[in-house]
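K.L.:
Input: one structure, supplied below.
The values are calculated or read from the model by the stated rules, or taken from the named source; none is laboratory data. What you see is a predicted model, and the numbers here were worked out from it, not measured in a lab. Virtual Cβ from ideal backbone geometry, glycine too; neighbours counted across all protein chains shown. Please note that ligands, DNA and RNA were not included when accessible areas were found on the heavy atoms of the full protein model with its side chains. Shrake-Rupley method; radii C 1.70, N 1.55, O 1.52, S 1.80 Å.
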Amino acid sequence: MKEPTLKKVAYGVAMSIAIIIVHFINVQIYKMLPIFALLLAILITYLGITFINKSGKFDQVISRTKYNLLNALVVFVLFIAYFTIAN
């Protein structure tokens, strides 16, 4: 496996943000059809990844421990946000 970089973590953050935004819109603002929610999540993720690729800040190599901790934090925040929005 290649060396872990901050860019890989940022990709996960972009996807998590997209999921949280779409879930918030779907629950609190407007109930969407599942296909539209999926397409909106893909669009937001694509925009986030495009921004990450244009920025040179995320090309830093990080340690495997830091990479795993950051990914666990992203998953934890996604889990908490998803169920908080639903209530």
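K.L.:
Could you tell me the relative contact order of the chain? Use alpha-carbon pairs under 8 Å, at least six residues apart, and round to a whole percent. Each step should come with its number before you reach the end.
P.N.:
Values: 68 pairs, mean separation 45.7, N = 87.
Once normalised by length, the contact order is 53 percent.
K.L.:
Quick one: which residues, 5 or more positions from THR5 or on another chain, have an amide H under 5 Å from its amide H? H modelled 1.01 Å from N in the peptide plane, none for Pro or chain starts.
P.N.:
Counting only residues 5 or more places away or on other chains, the set is ILE62.
K.L.:
Keeping to pairs on different chains or 8 or more places apart, tell me how many lysine pairs in the chain have Cα atoms under 17 Å apart.
P.N.:
On the way: LYS2/LYS66; LYS7/LYS54; LYS7/LYS57; LYS7/LYS66; LYS8/LYS54; LYS8/LYS57; LYS8/LYS66; LYS57/LYS66.
Here the count comes out as 8.
K.L.:
If each DSSP helix of 4+ residues adds -39,500 (n - 2.57) and the sum is divided by the residues in the chain, what number results at 222 nm, nearest 500 deg cm²/dmol?
P.N.:
Rounded to the nearest 500, it is -25000 deg cm²/dmol.
K.L.:
Next question, about the same structure. What is the percent carbon and sulfur in the accessible area of the chain, measuring with a 1.4 Å probe over the protein chains and ignoring ligands? Present the calculation step by step, with values, prior to reporting the outcome.
P.N.:
Working: 4620 of 6270 Å².
Answer for the chain: carbon and sulfur cover 74 percent of the accessible area.
K.L.:
Same structure, new question: Compute the helix-to-body angle for 34-54: its Cα long axis versus the longest principal axis of the chain, expressed 0 to 90° and rounded to tens.
P.N.:
30 degrees
K.L.:
Under the rule that an exposed site lies in a DSSP loop and has at most 11 other Cβ atoms within 10 Å, name the longest stretch of the chain with no trypsin sites (Lys or Arg not before Pro) of that kind, not counting the sites themselves. Let's see the in-between values first.
P.N.:
Details: sites that count: LYS2, LYS31.
Counting only loop sites that pass the neighbour cut-off, the longest clear stretch is 32-87.
K.L.:
Nearest 10 degrees is fine. How inclined is helix 64-86 to the longest principal axis of the chain, computing both from alpha carbons?
P.N.:
So the helix axis and the longest Cα principal axis differ by about 10 degrees.
K.L.:
Tilt of helix 6-24 relative to the longest C-alpha principal axis of the chain, in degrees (0 to 90, nearest 10)?
P.N.:
10 degrees
K.L.:
Still on this structure, I have one more. How much area per residue is accessible in the chain when the probe is 1.4 Å and only protein heavy atoms are counted (Å²)?
P.N.:
On the way: 6270 Å² over 87 residues.
Heavy-atom accessible area per residue stands at 72 Å².
K.L.:
Next up: Taking a point 7 angstrom from the Cα of SER55 along the C-beta vector, which residues in the range 1-36 have backbone N less than 16 Å away?
P.N.:
Under cut-off, by backbone N: 5-18.
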